[in-house]
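Asks: Sending over a structure as structure tokens; questions will come in a sec.
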Amino acid sequence: DEPTSSKLSLWLAVAVMGLILVSSVAFVAATEPAARRENPDDDEGPPVPKTEFDLVEAICIIAFTVEYLARVLTVWASREEVRPTSINYVIISPKALTSGSTPPRPPPPLGHTLHYITRPMNMIDAIAIIPFYIELASGS
């Protein structure tokens, strides 16, 4: 999630930005009349993008999904120094409260993951991905 944390993170961030660019250009290009074909399911319906654009969309969404799931499934193990400051929180045990000392301990993995998922940018990522799978599941 932090591109400056390693060279691999930087390369992955650049690759994802490249995919976002490709996806955006394909989306806009698919609106051009020359990039459209007749709707195979409805002869009288409006034209739909050519199959190549559907393929680009599917590849990009799959790549975005893999990247999103990789982040969500591994965030619990992230090092504290590469976590955004909004995630650096401490859980104080009830025993520590009664003994007068408050030794910090890391958040439980599930709590850390849930906090990460509910951050606004990560919710936007999920909202951008989900419609593709809803459309796929509904067969439209």
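The values are calculated or read from the model by the stated rules, or taken from the named source; none is laboratory data. Because the structure is a prediction, the values reported are computed rather than measured. No Cβ is skipped: glycine too gets one built from the backbone with ideal geometry, and neighbour counts run over all protein chains shown.
Asks: Test of understanding: among Ala30, Ala35, which residue is surrounded by 12 or more Cβ atoms within 10 Å (Cβ to Cβ), aliphatic (A, V, I, L, M), within 29 Å of Met123 (Cα to Cα) and at pLDDT below 95?
Replies: Exactly one residue qualifies, and that residue is Ala30.
Asks: Would you point out the residue of segment 12-38, among those that are polar (S, T, N, Q) and free of Cβ contacts under 8 Å to residues at least 24 places away in the same chain, that is nearest to Cys60 (Cα to Cα)?
Replies: Looking at residues that are polar (S, T, N, Q) and free of Cβ contacts under 8 Å to residues at least 24 places away in the same chain, I get Ser24.
Asks: For segment 43-65, enumerate the residues that are closer than 23 Å to Tyr133 by Cβ and surrounded by fewer than 11 Cβ atoms within 10 Å (Cβ to Cβ).
Replies: Matches in segment 43-65: Thr51 only.
Asks: Yes or no: segment 75-86 includes at least one residue that is small (Gly, Ala, Ser), out of contact with any helix residue (DSSP H, G or I) (no Cβ under 9 Å at 6 or more places or on another chain) and at pLDDT 80 or above.
Replies: Within segment 75-86, the first condition is being small (Gly, Ala, Ser), and the residues that meet it are 77-78, 86.
Next cut, out of contact with any helix residue (DSSP H, G or I) (no Cβ under 9 Å at 6 or more places or on another chain) only: none.
Taking every residue of segment 75-86 in turn, none turns out to be small (Gly, Ala, Ser), out of contact with any helix residue (DSSP H, G or I) (no Cβ under 9 Å at 6 or more places or on another chain) and at pLDDT 80 or above.
Asks: Could you run through segment 1-20 and say how many residues are exposed (fewer than 15 other Cβ atoms within 10 Å of the Cβ) and touching an Asp or Glu at 6+ places or on another chain (Cβ under 7 Å)?
Replies: The number of residues fulfilling the criteria is 1.
Asks: Take the conditions β-branched (Val, Ile, Thr), assigned to a helix (DSSP H, G or I), at pLDDT 85 or above and under 18 Å from the mean Cα position of the chain (by Cα) and apply them to Val72. Does it pass?
Replies: yes
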